[in-house]
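We did not get these values from a lab; they are worked out from the coordinates using the rules stated. Computed from a predicted model, the values in this text were never measured in an experiment. Cβ placement follows ideal geometry from the backbone for every residue including glycine, while neighbour counts extend to all protein chains displayed.
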Amino acid sequence: GQNIDQPTEMTATEGAIVQINCTYQTSGFNGLFWYQQHAGEAPTFLSYNVLDGLEEKGRFSSFLSRSKGYSYLLLKELQMKDSASYLCAVRGSRSNDYKLSFGAGTTVTVRA
Amino acid sequence: ETGVTQTPRHLVMGMTNKKSLKCEQHLGHNAMYWYKQSAKKPLELMFVYSLEERVENNSVPSRFSPECPNSSHLFLHLHTLQPEDSALYLCASSQETGRDTQYFGPGTRLTVL
């Protein structure tokens with residue numbers, strides 16, 4: 001099975017940087033996703049890591065260390081619109097039908 | 001973004017009612033999913049369809065009945081639900097099952113009285 005942990009809540013100031021950590025213990029691994037979900041809206045795809053290292057997309061970056069079972073999502077130059085829940089999801093192996101398992105989400109509140 | 005749409009957006013029903021949730025994807029994908037999202041809990045995968053065939057039924061009670069008439073439409077038929085079934089029900093689609101990114105609809109907020 002999959003066990004995915006991420007903090008419940010984080011608060012940061014507009015213009016600052018926030019790092020959301022995600023740790024996982026899985027029976028198989030085939031990539032890690034980050035999704036953003038605003039209240040009452042669809043989760044939207046942010047990033048995908050399958051190899052170790054940092055993937056950068058504008059103000060958002062995602063890092064993966066497979067040996068440590070660890071990822072983080074880095075949000076830079078925070079804006080009020082970044083207030084949302086951020087979901088970490090791990091894709092299992094072929095034997096697990098590549099099933100996506102989600103963490104409970106981290107609610108980020110950006111304050112002026 | 002209107003790639004995956006869901007109706008209704010909100011639904012209140014009694015325990016004896018029968019209702020259906022609808023999902024439609026406009027992305028040309030072959031796989032569709034139903035997830036349940038309860039407050040402060042991880043998304044729970046309920047059903048997976050690939051090319052209109054159900055390939056996953058994640059120990060979901062029979063009071064939830066999925067239907068996939070074609071690769072663009074997915075329904076979730078509800079009957080004799082319990083208050084603990086109140087949650088956000090999300091539909092997603094991907095090009096194929098497995099190795100492709102899933103794209104989500106906005107969900108149906110269901111309240112069972």
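Bridgeable lysines around A:Lys81 (alpha carbons under 27 Å apart, same-chain partners fewer than 8 residues away excluded): A:Lys57, B:Lys36, B:Lys40, B:Lys41. Highest mobility in the GNM of chain A, judged by mean-square fluctuation with C-alpha springs under 10 Å and restricted to A:Ser67, A:Ser47, A:Ser85, is found for A:Ser67. Panel order for B:Thr108, A:Thr107, by other beta carbons found within 10 Å of each beta carbon, from fewest to most: A:Thr107, B:Thr108. Applying the criteria of a DSSP loop state and at most 13 other Cβ atoms within 10 Å to the GluC sites (Glu not before Pro) of region A:1-58 yields A:Glu14.
For A:Ala112 and A:Thr11, the difference between the fully extended length at 0.36 nm per residue and the C-alpha to C-alpha distance is 35.3 nm. Looking at region A:1-65, none of the chymotrypsin sites (Phe, Trp or Tyr not before Pro) sits in a DSSP loop with at most 12 other Cβ atoms within 10 Å of its own Cβ.
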